[in-house]
1. Compute the whole-percent fraction of alpha carbon pairs in the chain spaced more than 17 Å apart.
2. What angle do you read, to the nearest 10 degrees and between 0 and 90, between the alpha-carbon axis of helix 21-31 and the longest principal axis of the chain?
């Protein structure tokens, strides 16, 4: 796998993909390639914050890059070389959701 990573937005623009980053991440959540990670705010307010990160299985498509600053937050960054396979998984999940909707109508 290549070591260069890009944001979903950059890959979407580069490949002229019709899906947006939120849709892709939601599908990755549903198939277990991403997860919501919760943590307590560092301000001491007790507020619970969250972000999405790639699971171990999802890391074959990219990495969780540490965000700037003292936070534990990460940003999912993706390999250009595996983006077509990632999109295939997303499309399969979206097709499954359409089938489930059609089955319940």
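Read-outs: derived from the displayed coordinates by stated rules, not from any lab. If you're wondering where the values come from, they're calculated on a predicted model, not measured in any experiment.
1. That fraction is 57 percent.
2. The angle comes out near 80 degrees.
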